[in-house]
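The values are calculated or read from the model by the stated rules, or taken from the named source; none is laboratory data. None of the values given here were measured: they were computed from a predicted structure. Using ideal geometry, Cβ is built from the backbone for each residue, glycine included, and neighbour counts are taken over all protein chains shown. Just so you know, the surface numbers come from the protein's heavy atoms only, side chains and all, with ligands and any DNA or RNA stripped out. Shrake-Rupley method; radii C 1.70, N 1.55, O 1.52, S 1.80 Å.
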Amino acid sequence: MAMMRAIPERLSGLFSDEQAQPLPEKTDGALIEEIEALYRRARDDRRPYERDWQQILAFLKGQQWLEWSRVRSTLWLPPAPPWRVRHVVNLMQPMYRTLFGKLTAQPLRRGRVRPANDTPDARQDAQAQDELLEYLWTQCGSEEEALEVARWALQLGTGIHYVLWDKTRGDALPENPETGQPVVDESGEPVHLGDVDHIAVSPFEFLPEPLVSRVEDMEWCFYVKIRTAAYVQRKFGKKIDEQQVPSDEYAVGNISGDDEPDAPPQSGVLVKAFFRRPCAEYPKGQYIVYAGHEVLYRGEAPYAQDPIPFEVARERMIPGRFWGRSVFADLMPLQRAYNKLLSQAVEIRNSTARPKWHVFKNSLEAGKTISTAPAEIIVTNVVPGVSDGGRPTKIEGGQVPASFFAEAEQIRSQFYEIAGVHDFARGAKSVAGGNTFSGLNLMLEQDDTRMGVLRRDLDRAALKVERMKLHRVKEFYLEQRTISIIGPDKASESKEFYAEKIPEDVDVQMLDSGNLPTSWAARQQYVKELMETEVKPNALLSDRRSAMKLMGLADIEGVNDEYNRDVRQAQRENEKMTLGVQAPDGTMQIVVPEAHDYDNHFVHGQEHDSHRKGEDFEQLVAANPAIGEAFDLHVAQHRAFVAQMMPTAPLSVPSPQEGVAA
């Protein structure tokens, strides 16, 4: 009952006035004025980078003749005569798809919790935290958010993660046993337990403190986003009318049309969230949310361990600055030169197909023009004193010089070279000079290596995100939580979790992938050669799951269902023999499960032997030798069945023995 009263008070929301701590004596107006000065400073510091960002987005969409207007601070299309050719061959969009495909060819990696020490309890707690992170990965939609961050990092050079506690997530609180009514907030909405959330933030929505290159060094930052009035009402309980937000204030999509001086404004509520790290003036930090001149929430920093709850991933880190640089910023000049060259070639061809004419004044009838229509009859007036009576003379157009095509090919080659991708459409030669399979593999590996810079930074950011998730859980999971884990055979398993078992300095590490090739084709070839030459074939073939994972086939729907079913059956037997069952007299007895003829004896033997190799098992057997005896008897049954399948004389199958004294 005490827990029922404590939960609504603690989870009443990060934005609830009753939870807000009083800040130094400042009115809302004075507070907004102080923070707006920091906002304008951060906005001015970010503004120079927005030029490249908007141009890159426009180029990726095919709007490659737009130019930046210093006066309007936006992209616009300069006027041109109607005959001017603005040809676009978009090399950047397929290059983006290629680079993003290489970046995400393998599943996004997640960290694993490292045990605080080498004791069985610490390892068990670390495993439970791993399972919690797996649950949060699904609940938060972290895969989609991580991919979104990767897109921003690849396109604009910078992507940002935001890990927060959302009071509206999770299950609704059960009925109050005193009243029998659901627990509701002031507006009558059900109160939820709340849960962790993970959001991808674009560079247009994040304003860091100037002169700072790392999140860890920031004293403050802004998260700015256009919201609907309904969102503001639901989150903050305040009604604010939607208004048109100038494009200069919210720069996402700030791309003008042909004749528009400015991008059309968006309609909504521009919500600004200000985060300040604890300092001398604000010992508990600050978290201020406001829209216009209205303060939506004011209080202390909401997260003790992460007062700045963001993490950044960059394609290329420029020393001394926060914002990364995208390779597309280097490709834009080449793309523009390529389009200009092809446009000039088209204009030359147009001058031949639709040539200019030299016509004497009044030699043609009024309003008459010469077209390119076949069999056209041209009626002219004789011009006295001019040879041929002033007949119109065609001005022949020229031919497209061969140097145009050579230059276009050179620009295209430079485009691929700067992007770090080999253009296999034109053929590729190996180091030895031939079009060999090994040479192509080497070039693929070189391409993947160049993508390693961004991939490593995404991995680093992913580790920080997983740690921040555990920090939120430790701070806000006030009660035991039941989480559902999806096993390898797609079966759901419910487990209990306690936040107090998370250490303050929880350590999440990325598992090293070793020396395996990064491309799937090269990896499959490597595993095949390994199975045939480097090790005994049975060493990998006996572990079908490991071989298929190495070859990239582990995620094919339905392939591993039967195999995983056998694995889980063997794991249940491990648990039964390790923990035992309760006898009628209340004592715990170790049970020896019976092996059946329909069991996959090879898989069972492998799972039982793997379990017996662990340090935990050695400690259990030292404390209770009956556990080791139970495993020996059960594994002997499987071996006897295997022996019966061999062409040699069958061995007797020992009967299962139950009731071995614990």
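Quick rundown of the values:
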| item | result |
| --- | --- |
| Filter result for the condition that a residue is at pLDDT 90 or above and over 24 Å from ASP457 (Cβ atoms), over LEU193, LEU270, LEU211 | LEU270 |
| Qualifying positions in segment 106-117 - in contact (Cβ under 8 Å) with a residue 12 or more places away in the chain, in a loop (DSSP other than H, G, I, E, B) and either closer than 25 Å to ARG412 by Cα or over 15 Å from the mean Cα position of the chain (by Cα) (or both) | ALA116 |
| In segment 372-396, the residues that are among the β-branched types (Val, Ile, Thr), under 14 Å from ARG354 (Cα atoms) and either assigned to a loop (DSSP other than H, G, I, E, B) or modelled with pLDDT under 80 (or both) | THR372 |
| Selection within segment 92-126 - of a type in the set (Lys, Arg) and either surrounded by 14 or more Cβ atoms within 10 Å (Cβ to Cβ) or modelled with pLDDT under 85 (or both) | LYS102, ARG109, ARG110, ARG112, ARG114, ARG123 |
| Among (1) aliphatic (A, V, I, L, M); (2) modelled with pLDDT under 70; (3) not in a loop (DSSP other than H, G, I, E, B) - the single one MET451 does not satisfy | (2) |
| Breaking point among (1) of a type outside the set (Lys, Arg); (2) open to solvent by 50 Å² or more (accessible area, probe 1.4 Å); (3) at pLDDT 95 or above, for ALA304 | (3) |
| Segment 74-91: number of residues that are of a type outside the set (A, V, I, L, M, F, W, C), part of a loop (DSSP other than H, G, I, E, B), open to solvent by less than 60 Å² (accessible area, probe 1.4 Å) and under 22 Å from GLN54 (Cα atoms) | 2 |
| Residue within segment 193-209 that is of a type in the set (Phe, Trp, Tyr), closer than 22 Å to PRO319 by Cβ and either in contact with a Leu (Cβ under 6 Å, 6 or more places away or on another chain) or crowded, with 19+ Cβ neighbours inside 10 Å (or both) present | yes |
| Unmet criterion (only one of (1) open to solvent by 40 Å² or more (accessible area, probe 1.4 Å); (2) closer than 30 Å to GLU615 by Cα) for VAL71 | (2) |
| Those residues of segment 350-364 which are hydroxyl-bearing (Ser, Thr, Tyr) and surrounded by 15 or more Cβ atoms within 10 Å (Cβ to Cβ), in sequence order | SER351, SER363 |
| Subset of segment 1-60 (residues that are open to solvent by less than 50 Å² (accessible area, probe 1.4 Å), modelled with pLDDT of 90 or more and hydroxyl-bearing (Ser, Thr, Tyr)) | TYR39 |
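The rows are residues; the columns are (1) open to solvent by 60 Å² or more (accessible area, probe 1.4 Å); (2) closer than 27 Å to GLN155 by Cβ; (3) free of Cβ contacts under 8 Å to residues at least 12 places away in the same chain.
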position	(1), (2), (3)
ALA280	yes, no, yes
TYR297	no, no, no
PHE310	no, yes, no
LEU334	no, yes, no
ILE348	no, no, no
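The rows are residues; the columns are (1) over 15 Å from GLU575 (Cα atoms); (2) open to solvent by 60 Å² or more (accessible area, probe 1.4 Å); (3) not in a helix (DSSP H, G or I).
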{"site": "TYR598", "(1), (2), (3)": "yes, yes, yes"}
{"site": "VAL603", "(1), (2), (3)": "yes, no, no"}
{"site": "GLU629", "(1), (2), (3)": "no, yes, no"}
{"site": "GLN637", "(1), (2), (3)": "yes, no, no"}
